[in-house]
Amino acid sequence: MNVEEALQILDTVVFNKVNRHLKDVEIIILKGSWQGLNYDEIANNEGYTAKYLRQDVGFKLWKLLSEALGEEVNKTNFRAAVERSHLNNNNILQTELHQNISNPIKNEFLPEYPKGSVPLNSVFYIQRNLIEERCYDTILQAGSLIRIKAPNQMGKTSLLDRIIAHSNQQGYHTVRLNFLQAEATVFNDLDKFLRWFCAYVGHKLKLPSLLNESWDEYRGSIINCTTYFEDHILDNINNNLVLALDEVDKVFQYPEISQGFFAMLRSWHEEAKTIEIWEKLRLAVVHSTENYGSLDINQSPFNVGLVVELTEFTQEQIKVLAHNHQLDYNQNQLQQLMSLVGGHPYLIRLALYHLALGDITLENLLQNAPTNAGIYEEYLRRFLHTFKINPHLTQAFLEVVTAQKPVSVETISAYQLYSIGLVKRIGDKLTPSCQLYQQYFREHLQN
């Protein structure tokens, strides 16, 4: 058995277990493990951090494969485990691998569990009027900058994926950088951060690293980074470069870094107006909050370029999404669901997923949703953990959910509540994003 055959088997058993295919980063770990590489070697080859691969992706992957294969699976024994499973269940696995031909039952509709970014070919991605088209047009413009802003789980990363895919179709180079994957030590100081930034982009473009030869401590970190991009990145690629920066909220937590870094990005955007080589660079920046800390807004990328603020789904969009889940709901039924969760993309999709499976009725879903017996229990409990370690945030949100009308709360707490999607802003005041939040947290935060 070779690695591709093993991956095909594992992809099948994972899909049958959790209704999704193996993720790219999971495949990277499996291929590296098959070759006998350790996490440090895999991370170095692929541009990830070893900690992220070992403690986050790897930990979840081995747990999932253990459940899917019915035995304890880890990095060292997974090769033997998949071969053993293949031998013991050859007929079953062959049926699963060829399900569309040999087993008509497998062709029955299966909804897609709403976790992470919506796949590019998914029928469950909802177009947001003209937003995608505007982004596609903008990214083709020399030196362009797109800023995607919305609370968590509103579809920012899914839109970014489509901008990247569109750029790839044009033959552009693309580098996606998720700041949540960066180790904490990267944020120790601006110089180290910018060296890591250059190294990451260069590695993804498969360019030689010349940081030690090019970095001059007397020039300053920002000049060094800018010069490196000009001389060793932009000058060494044969087409435009789309630099997609996801989860930049992480950088806001380090004012000594964010002030210089975002001012530098702004200057790069401005350079494209007069310097030809910078026309190659196109920026897409994704963030959840507007709490820019001590940033000078006139020296950052947050008041230029195309601003895309994702909003909730409309009833018409939810109707399309329900139809794609093969649910024939009338206007009254859709309104009942929206009265509970609004048009929040994730909450709507999770509801439609369970309704499409047929394991719950709309009436039961609405009744149990604000309780620990509902489908949102795991999702809501994550917020309880956040509140447990942030008492000031707890008090602020408790004021919001117990009020009879929109209320004002302290500015930083307001930004934090908005960034995690729990509140809507009405002028300078806040109100719960939906009835689900008001009912659940009014009960649990008071207790």
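Of note:
- Set of lysines near Lys424 by C-alpha distance (under 21 Å), chain-local residues within fewer than 8 positions excluded: Lys149, Lys156, Lys405
- Principal axis box of the chain, alpha-carbon based, largest edge first, Å: 65, 64, 40
- Relative contact order of the chain, pairs being alpha-carbon contacts under 8 Å that are 6 or more residues apart, as %: 15 percent
- Here the 3J(HN,Hα) profile of region 236-249, calculated from phi with Karplus coefficients 6.51, -1.76 and 1.60 at θ = phi - 60°, is 10, 10, 9, 7, 6, 10, 9, 9, 9, 9, 9, 6, 6, 4 Hz, Gly and Pro shown as x.
- Within straight-line cross-link reach of Lys60, aspartates and glutamates at Cα separation under 12 Å, skipping those fewer than 8 residues along the same chain: Glu26
- Anisotropy class of region 143-184 from Cα gyration tensor, a/c 1.5 cut: oblate
- Couplings 3J(HN,Hα) for region 373-381, derived from phi with the Karplus relation 6.51 cos²θ - 1.76 cosθ + 1.60 (θ = phi - 60°), are 9, x, 6, 9, 4, 5, 4, 6, 5 Hz, where x marks Gly and Pro.
- Proportion of all alpha-carbon pairs of region 132-211 beyond 15 Å (%): 66 percent
- If the segment from Thr314 to Asn16 were pulled out straight at 0.36 nm per residue, it would be longer than the present Cα-Cα gap by 104.0 nm.
- For region 335-447, alpha-carbon Rg relative to the globular expectation (2.2 N^0.38 Å, N residues): 1.07
- With the highest mean first, a sort of the peptides 166-172, 122-128 on other beta-carbon atoms found within 10 angstrom per residue produces 122-128, 166-172.
- Dividing the radius of gyration of the alpha carbons in region 103-164 by their Kirkwood radius gives 1.10 for Rg/Rh.
- Placed amide H near Ile148: partners under 5 Å, 5+ positions off or other chain: Val285, Val286, His287, Val308
- Gaussian network model of the chain, springs between alpha carbon atoms under 10 Å - residue of Leu306, Leu347, Leu87 with greatest fluctuation: Leu87
- Cα→Cβ-extended label distance, 7 Å offset, between Ile27 and Asp359, nm: 2.7 nm
- Per residue, the solvent-accessible area of region 323-389 (1.4 Å probe, heavy atoms of protein chains only, all protein chains present) comes to 50 Å².
- Surface per residue (accessible, 1.4 Å probe) for region 157-300, Å²: 43 Å²
- Segments 237-244, 223-230 sorted - mean Cβ within 10 Å per residue, highest first: 223-230, 237-244
The values are calculated or read from the model by the stated rules, or taken from the named source; none is laboratory data. Everything numeric here is computed off the predicted structure, so don't read it as measured data. Reconstructed Cβ throughout: ideal geometry from the backbone, glycine too, with neighbour counts over all protein chains shown. All accessible areas refer to the heavy atoms of the entire protein, side chains included, with ligands and DNA or RNA removed. Shrake-Rupley method; radii C 1.70, N 1.55, O 1.52, S 1.80 Å.
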